[in-house]
Structure formats: C-alpha cells, structure tokens
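Structure first, commentary second.
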Amino acid sequence: MKANKIFIGILAITCIVFTGCDDKRDPIIEELDFDRVLGPANLTARIRNLTTIELNWNLRDGADHYVVEFSEDSLEFGTIIFADEVTADELPYQHTFAGETRYSARVKAVSSEELDDSKWATITIETAQENIFLPIPGENVQDIYAILLWQAGSEVTHFLISPGDIERPITDDEKADGEATLEDLEGSTDYTVTLYNGTKRRGVVTFSTLEAADIYPGDDLLAAITNAAEGEEITIAPGEYTTGAIAMTKSITLKGQKSYDRPVINGQITCGTTVASIAVEDIIFDGNGGTLFNTFFNTVAGCNLASLVVDGCDLRDFRDGIISNNASGVYGSVTIKNTYAHSMSGSGGDGLDFRGGSISSLTVENSTFANAFRSFLRMQVPCTMVFKNCTFYKISMLDNSNNSGIFRASGAAGPTNTLDVRNCLFAETGVLAPTNVQSGNFCRNAGNMLAVPTYANNNIHSCYNLMVGLYTAPAQVSATELNPGFVDAANGDFTVTNQTIIDNNIGDPRWFQ
C-alpha cells in the first residue's frame with residue numbers, strides 16, 4: 001500500500017510538470033484550420049507613378065481567386081472605397097488613387113473547393129503627390145497670360161497661383177477640355193500654380209512669364225545697343241535684324257524674348273576695349289554663309305573682357321568658327337552652354353581660336369557642334385578648359401595641314417593649363433582617307449597637348465582618322481564605341497536612340513529621348 005501511494009504521487013507530479021510545459025510551448029503550426037483556404041502570404045505594397053498602389057503576395061494552393069479591398073484609413077476598413085476580384089495571372093495588382101492619401105488594403109483567398117474564404121492579410125501605404133499637368137509648350141506662356149494643360153476630364157476644382165496665393169476656380173468647360181488660360185499675370189515673373197480637387201493637390205507647374213520686348217523688327221537694334229547704359233539688358237522680339245559688326249564697348253546682355261521663337265541677327269560681335277561682361281541668350285546669329293563674317297565673336301586689339309556668356313544660341317554660317325583671338329585680347333571666363341554651332345567651313349580659321357593674348361577659363365557644356373570647323377579647339381595659351389556633355393558631328397573635316405584635330409591645347413605647361421573632356425559624344429568626325437595624314441584626329445601630337453588632360457565617360461562612333469597621332473585607341477580618351485542611333489543626323493536631328501548612351505549621360509542632353 002505504501003509503495004502504491006508513492007507511485008501514484010510521482011505520477012501525479014509528472015503529469016503536472018508535463019502539463020505546465022505544454023501550456024508554455026509556442027504553436028509549431030501557424031494556422032491549422034483545414035475548413036478554410038490558407039490566406040495570402042507576404043503581402044507587399046509599393047507606390048508606382050506617384051499614385052498607383054501595387055500589391056503583390058505569394059499564391060496559395062487551392063485558391064480560385066482573391067478579393068482585394070481598399071479603405072481610406074489606417075487598417076480600420078470602416079468604409080470600403082474600392083473592391084476587386086483578382087486572379088493569379090493579374091499579379092502584381094495595381095490600382096490608381098488620389099495623391100497624398102493613406103490607404104489600407106486587405107486581401108483574402110477564395111477557395112476553388114468547398115472551403116471557407118481565408119483570413120484577411122492587411123497592409124497600409126500612403127500615395128505621393130500626383131501631377132496631372134501636361135508639359136507647357138513655349139508659346140503657351142506670354143508676358144501677361146499663360147495657357148495651362150492637364151489630363152482632360154480629370155476631377156479638379158481650382159488653381160492656387162503664387163505669388164499672391166490667388167485661388168482661381170476651374171469652370172466645367174475647362175475641366176472637360178483640360179485647358180485653362182490664366183490672365184492678368186505680371187511680365188517677367190516666376191509663377192507656381194497648384195492644381196486642386198477640393199483639398200487634394202493634383203499637380204504643380206512652374207513657369208516664367210516673358211519680359212516685354214525692348215526691340216521689335218524694324219527698330220534699329222544697333223542704335224539701341226550703342227545708346228544702352230552700362231549693364232543694361234535688351235530684350236529682342238522674334239524677327240530678323242541686320243546689324244553688321246556690333247562693337248561692344250560696355251557691359252550688356254542681349255536676350256531673345258522667346259526661347260521657342262528666337263530672333264535672328266545677321267551680324268557678329270566684336271570686342272576692342274575693356275568690358276566687364278557680355279551675355280547673349282536665346283538668339284540666332286547668322287554669318288550669311290561666311291561672306292561677311294569670319295566668326296561669331298571677333299577680338300580686336302585692346303579687348304579686355306572679364307566675362308563672356310553664350311546661352312541657348314544658334315551660331316550658324318560663319319566662315320571659320322565661334323571665337324577668334326588672334327590679337328592680344330585678354331579674356332577672363334568664357335562660357336558656352338545650351339548652344340548649337342554649325343555650318344562653318346573653317347577655310348581660314350578654327351572653331352575656338354585663341355592664338356594670342358590670354359584667357360583664364362573656357363567652359364563648354366550641353367552644346368552641339370556639327371558640320372563645321374577646321375580644328376575645333378586651338379588653344380595656344382594656358383587656360384582651364386572644360387568640355388562636358390557635348391555632341392560633335394562631322395567636325396574637323398577640312399583636309400589640310402592646318403587641321404590639327406579636335407583638341408589642341410598647346411599653351412605652356414603648368415598648373416593653370418588643363419583640359420577636361422567628359423560625357424562627350426563624337427560621331428563621323430575627322431577626315432576619311434586624308435592627304436594630310438593627321439587631319440581631323442583627336443589630337444595631333446604631344447606638342448599639341450601641353451595642358452594636363454582628363455578624359456571620362458566619352459563615346460566615339462564611326463569616326464575617320466580620329467585615333468591617329470597622340471591617341472591611337474578610344475580607351476586612351478575614356479571612350480566607348482557605341483552607335484548612338486541618331487534619328488536623322490543628316491538633317492540636324494541628333495536624337496539618341498541608344499539607351500545605354502542615354503543612361504550613361506553621354507552627349508548634349510537636348511537629344512535624349
């Protein structure tokens with residue numbers, strides 16, 4: 001009897017111990033509920049194109065389809081604002097909502113057999129600010145009005161115009177057309193317009209209204225420049241102007257009123273005295289086939305110019321090139337950007353021709369040079385030179401002994417004489433089977449490269465005689481050899497279709513698709 005009592009006591013204690021362990025053990029299986037299909041696993045949400053929510057999840061065996069529901073809250077699902085049925089082949093699933101709003105999504109599996117629906121998998125995410133404004137064509141923005149465009153038929157209520165924080169309602173007709181004209185604007189002013197649907201922002205656009213023109217066709221542009229005050233800006237309306245040589249004797253800015261409809265000046269600019277700054281913007285300069293003017297900018301003895309800026313211009317039909325400093329002109333910084341220079345035979349000079357005087361820095365970027373020049377750069381004085389994101393097509397094509405190639409930087413060696421060529425695209429440049437074996441190469445010889453050179457991320461395609469002289473392989477100038485796939489180079493369309501070149505940011509970005 002005593003032994004039995006002891007055994008029964010031990011057994012009771014053992015049962016208590018094991019029962020306690022079972023109570024504390026985590027479940028091995030997350031859900032054992034075989035009367036329903038298993039729910040979606042690893043539900044994820046991402047934002048695509050600012051306001052499109054993309055859902056994805058792992059599929060479950062036995063699921064015929066899935067139910068997706070959205071609410072405009074944070075995992076509360078008080079009001080379902082959108083629901084859909086989704087099959088496996090529709091994943092990842094996308095739906096577009098309003099911007100700047102938090103949404104919750106839940107997904108459940110529906111069985112292909114006689115099982116109950118799964119439990120819900122849930123997630124929450126916030127959309128970004130959307131922008132349904134369409135690009136504004138240049139002609140849509142004038143001095144006192146602007147025509148805005150957006151996706152026709154969109155739900156919109158009003159604009160908020162800044163400066164001034166002016167609320168301007170949108171009419172039913174404007175809403176249907178996706179177009180509205182903002183009137184009574186101020187000229188030469190930077191505007192920001194926000195598009196609303198109630199309290200929700202649906203887009204933001206910025207633009208600058210035009211300045212009122214100072215000069216119109218028929219006016220005497222040369223007289224206006226002569227009579228201008230020091231530092232004055234002259235805004236020129238679209239049209240054609242004949243000036244001949246414009247002798248700059250004071251700081252001045254010449255600016256086309258409309259970048260999409262630039263004025264044409266038949267003439268050149270000259271410098272022969274001390275001037276602090278000269279700037280030209282959004283103007284076409286025409287050299288009349290080179291019969292009258294050798295270069296766009298000509299240096300006369302006595303020129304001492306601290307700053308020259310050429311921005312958004314078209315320089316065409318000069319005999320030789322862009323700038324000539326064969327005299328003893330003194331230049332500080334020279335900047336050429338967003339410019340297209342073309343159609344210059346180069347029979348008597350070079351593109352950027354500095355044979356004397358001095359220059360501190362030359363920066364050329366986001367520009368295109370085509371069908372032009374004998375040598376492109378002829379820098380025979382020390383200078384800090386940068387060429388970045390430029391496209392070169394059929395340059396340095398003249399076959400004679402004065403063609404020293406694309407880049408000649410033969411000023412005295414030293415820390416102030418450097419050449420940086422990066423992100424540049426060269427196509428069909430140089431001379432095919434030249435009589436002068438070194439015509440049209442990248443750089444003729446070591447004596448033509450006394451500057452300290454740096455090359456990075458360039459591309460060369462279908463060039464003739466380019467790798468003769470100092471450089472004999474594209475790798476020496478950090479160049480790949482991809483075909484840019486120009487749309488119509490023969491007619492001046494250098495739009496690049498090679499995605500690798502676009503991705504690598506090589507060439508003038510105006511031609512990127």
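The values are calculated or read from the model by the stated rules, or taken from the named source; none is laboratory data. Computed from a predicted structure; not experimentally measured. Cβ atoms come from the backbone with ideal geometry, glycine included; neighbour counts cover every protein chain shown.
Quick rundown of the values:
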| quantity | calculated |
| --- | --- |
| In segment 308-334, the residues that are of a type in the set (Ser, Thr, Tyr) and either buried (at least 17 other Cβ atoms within 10 Å of the Cβ) or in contact with a helix residue (DSSP H, G or I) (Cβ under 6 Å, 6 or more places away or on another chain) (or both) | Ser324, Tyr331 |
| Members of segment 108-133 found to be over 23 Å from Trp150 (Cα atoms), part of a loop (DSSP other than H, G, I, E, B) and under 48 Å from the mean Cα position of the chain (by Cα), listed by number | Lys119, Trp120 |
| Residue selected from segment 150-167 under the condition farther than 16 Å from Thr192 by Cβ and not hydroxyl-bearing (Ser, Thr, Tyr), by the criterion modelled with the lowest pLDDT | Gln151 |
| Qualifying positions in segment 142-191 - closer than 25 Å to Pro238 by Cβ and part of a strand (DSSP E or B) | Ala146, Ile147, Leu148, Leu149, Glu179, Thr181, Leu182, Asp190, Tyr191 |
| Residue match in segment 132-146 (condition: of a type in the set (Ser, Thr, Tyr) and either over 30 Å from Val193 (Cα atoms) or outside the structural domain of Asp184 (by TED's automatic domain parsing) (or both)) | no |
| Among (1) at pLDDT 90 or above; (2) assigned to a loop (DSSP other than H, G, I, E, B); (3) of a type in the set (Ser, Thr, Tyr) - the single one Tyr103 does not satisfy | (2) |
| When residues of segment 246-260 are limited to those that are among the hydroxyl-bearing types (Ser, Thr, Tyr) and either at positive phi or within 34 Å of the chain's Cα centre (by Cα) (or both), the one surrounded by the fewest Cβ atoms within 10 Å (Cβ to Cβ) | Tyr260 |
| Boolean, Phe285 is under 27 Å from Met397 (Cα atoms) and part of a loop (DSSP other than H, G, I, E, B) | no |
| Residue that is free of Cβ contacts under 8 Å to residues at least 60 places away in the same chain, surrounded by 14 or more Cβ atoms within 10 Å (Cβ to Cβ) and in contact with a Ser or Thr (Cβ under 8 Å, 6 or more places away or on another chain), where the choices are Leu134, Leu160 | Leu160 |
| Single residue of Asn304, Asn298, Asn294 found to be under 22 Å from Thr273 (Cβ atoms), out of contact with any Phe, Trp or Tyr (no Cβ under 9 Å at 6 or more places or on another chain) and either buried (at least 18 other Cβ atoms within 10 Å of the Cβ) or not aliphatic (A, V, I, L, M) (or both) | Asn298 |
| Scan of segment 181-227 for residues that are under 22 Å from Glu167 (Cβ atoms), touching a residue at least 24 places away in the same chain (Cβ under 8 Å) and among the polar types (S, T, N, Q), ordered by number | Thr181, Thr189, Thr192, Thr194, Asn197, Ser208, Thr209 |
| Residue ranges of strands (runs of 3 or more DSSP E) in segment 289-405 with at least 3 members more than 16 Å from Ala451 (Cβ to Cβ), in the same structural domain as Pro434 (by TED's automatic domain parsing) and among the acidic types (Asp, Glu) | none |
| Cross-chain or 6+ apart pairs with Cβ under 7 Å, segment 331-343 first and touching a residue at least 60 places away in the same chain (Cβ under 8 Å), then outside any strand (DSSP E or B) | Asn338/Gly312; Asn338/Asn366; Asn338/Ser367 |
| Sole exception among (1) modelled with pLDDT under 95; (2) over 30 Å from Ile236 (Cα atoms); (3) within 27 Å of the chain's Cα centre (by Cα); (4) of a type outside the set (Phe, Trp, Tyr) for Thr194, by number | (1) |
| Number of the condition not met by Gly356 [criteria: (1) farther than 24 Å from Phe494 by Cβ; (2) at pLDDT below 95; (3) buried (at least 18 other Cβ atoms within 10 Å of the Cβ)] | (3) |
| Flag if Gly239 is exposed (fewer than 13 other Cβ atoms within 10 Å of the Cβ) and more than 27 Å from the chain's Cα centre (by Cα) | no |
| Any hit, segment 396-408, residues being surrounded by fewer than 22 Cβ atoms within 10 Å (Cβ to Cβ) and within 33 Å of the chain's Cα centre (by Cα) | yes |
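Conditions tested, residue by residue: (1) loosely packed, with under 15 Cβ neighbours inside 10 Å; (2) at pLDDT below 95.
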| residue | (1), (2) |
| --- | --- |
| Leu419 | no, no |
| Val431 | no, yes |
| Gly440 | no, yes |
| Arg444 | no, yes |
| Gly447 | yes, yes |
| Pro453 | no, no |
| Asn458 | no, no |
| Leu466 | no, yes |
